[in-house]
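> Below: one structure in structure tokens.
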Amino acid sequence: MVIKSEKEYKDYEARMEALIQRGNELGDMEFLSEEDKKEFDRLSNALDEYACAYHPLPGQMSSMLTEAILKQVKQKGLKHKDAAHMIGISSTMFSDLIHGRRTLSFEVARNIYKVLGVPAEVVLA
């Protein structure tokens, strides 16, 4: 289950809210049918994945950007330390960016676009 648009995201949120409401009315989420529980898990995973990619927490890099960076690094046959050097940061900072432990500065974002070739719409998302 992959969410492809903001409208679909809102629809999934509404479906999730309906399941939560049904669980509350029954007294606990455990009283939902097995089918509803599976639907809840699928919706939860899809919503989380979309939110991480398109609605990251402040200071957190989008998973979509992380994946695009790693894809470009692999396509160019670079080691992480070489990619870090090319975009003007240390290999430790590169690792921190990829793992969501550091925020992205304008200069680094620009270099990710210019040097690695990650599309601007992904860098700016």
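We did not get these values from a lab; they are worked out from the coordinates using the rules stated. What you see is a predicted model; the values in this text were computed from it and never measured. All Cβ positions, glycine included, derive from the backbone under ideal geometry; neighbour counts span all protein chains shown.
> Picking from His80, Thr103, Ser5, whose Cα lies most toward the positive end of the charge dipole for the chain (charges on Cβ: Lys, Arg +1; Asp, Glu -1)?
Farthest along the dipole direction, towards plus: His80.
> Run the reach check for Lys37 against aspartates and glutamates, Cα to Cα strictly under 16 Å, same-chain hits fewer than 8 apart removed. What comes back?
Lys37 reaches Glu13, Glu17, Glu25, Asp28.
> Right, next: Please work out how much length the chain gains when fully extended from His99 to Leu70, using 0.36 nm per residue of separation minus the C-alpha to C-alpha distance, in nm with one decimal.
This chain segment gains 9.3 nm when fully extended.
> How would Phe94, Phe31 line up from fewest to most surrounding beta-carbon atoms within 10 angstrom?
Numbers: Phe94 22, Phe31 13.
By the 10 Å Cβ count, ascending: Phe31, Phe94.
> Report the per residue volume, in Å³, of the convex hull enclosing the C-alpha atoms of the chain.
Residue-normalised Cα hull volume stands at 126 Å³.
> Sequence neighbours fewer than 8 away in the same chain don't count; with that in mind, list the lysines whose C-alpha is under 24 Å from Lys81.
Within the straight-line limit of under 24 Å, Lys81 reaches these lysines: Lys71, Lys114.
> Per-residue HN-Hα couplings for segment 4-16, Karplus 6.51 cos²θ - 1.76 cosθ + 1.60 at θ = phi - 60°, whole Hz, x for Gly and Pro?
Residue by residue, segment 4-16 yields 10, 7, 5, 4, 4, 4, 5, 4, 5, 4, 5, 4, 5 Hz.
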